[in-house]
1. Kindly rank 212-220, 27-35, 78-86, 183-191 from highest to lowest mean number of other beta carbons found within 10 Å of each residue.
2. What FRET efficiency do you get for Asp135 and Phe206 if R0 is 35 Å and r is their Cβ-Cβ distance, rounded to the nearest 0.05?
3. Applying 1/(1 + (r/R0)^6) with R0 = 22 Å to the Cβ-Cβ distance of Asp41 and Arg71, what FRET efficiency is obtained, to the nearest 0.05?
4. Please check which bits of the range 19-44 a label hung off Thr87 would reach, taking the label as a point 7 Å along Cα-to-C-beta and the cut-off as backbone N under 20 Å.
5. I'd like the FRET efficiency for Arg98 and His196, computed as 1/(1 + (r/R0)^6) with the beta carbon distance as r and R0 of 41 Å, rounded to 0.05.
6. About the Cα centre of the chain, how large is the charge dipole given +1 on each Lys and Arg Cβ and -1 on each Asp and Glu Cβ? Please answer in debye to the nearest 20.
7. Calculate the spin-label point distance for Ala220 paired with Thr170, positioning each point 7 Å from the Cα along the beta-carbon direction, and give it in nanometres.
8. Please give the calculated 222 nm ellipticity per residue for the chain, where each DSSP H segment of at least 4 residues contributes -39500 (n - 2.57) and the sum is spread over every residue; nearest 500 deg cm²/dmol?
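Any read-out appearing in this document is the output of simple, stated calculations on the displayed coordinates, not a laboratory observation. Nothing here was measured: the structure is a model prediction, and the numbers come from that model. Cβ placement follows ideal geometry from the backbone for every residue including glycine, while neighbour counts extend to all protein chains displayed.
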Amino acid sequence: MKFFVDTANIDDIRDLAATGLLDGVTTNPSLVAKSGRPFADVVRDICAAVPGPVSAEVTATDHAGMVKEGRILAAIAPNVVVKVPLTWDGLKACKTLRDGGIGVNVTLCFSANQALLAAKAGASFISPFVGRLDDISQDGMQLIRDIRQIYDNYPHLKTEILVASIRHATHVLESALIGADVVTVPPDVLRKLAQHPLTDKGLDAFLADWRKSGLKMPGAA
Ligand code: E4P
């Protein structure tokens, strides 16, 4: 499973990229607005920091506007993937941009039927939002299971399932068990995946025993 980070904060992205764990980045208009920087600069910096796909979202809502913005965003760097909303015009823009060889992430997906339409429109990625479904007392992960099954039923559909709106480690674990292709994870949740209290406790005990022994590491003064 690929790991993307869901942020437009370049410091976080550079820090996480240094681990070698990052396969890509997703942004959205809210995240870019939070960065307080010009959109093109943000996209350019992220694309230079991470060689994998970097999703940059259009803000137009009509087909012609989305295609125009999508082409401008795609020209910023070869690893830009244009993000369009799952609306009728968004599906048409997806088809037009894909026909032009541009990667497309269809976002704001909340049903399996929407995911089926996006795949038929040739989306590179579909982004189902699990956390926002959980927020309204629906089962976000069941949507991922349903999309996985539908896409597996029709192997000619090549769209990757990119689990979005992830809120906690269990969303990541369940995505991996279901066989999602990608998770896009907020930086704090990504860092928490490495943590376990028994790891900290075990390390403290090893170091205490080592200090008490008076032994030295080879090469230590
Ligand atoms: C994905 O591409 C979206 O940017 C993101 O996952 C939305 O998450 P949220 O529901 O936490 O805002």
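1. Most protected by this proxy first, the peptides run 78-86, 183-191, 27-35, 212-220.
2. So, using R0 = 35 Å, E works out to roughly 0.25.
3. Values: r = 19 Å, r/R0 = 0.85.
FRET efficiency, Asp41 to Arg71: 0.75.
4. Residues passing the 20 Å test: 27-33.
5. Plugging the Cβ-Cβ distance into 1/(1 + (r/R0)^6) gives 0.50.
6. Numbers: 23 positive and 24 negative charges, 64 e Å.
With only Lys, Arg, Asp and Glu charged at Cβ, the dipole is about 300 debye.
7. About 4.2 nm, to one decimal.
8. Details: 11 runs with 112 residues, N = 221.
Estimated from H runs of four or more residues: -15000 deg cm²/dmol.
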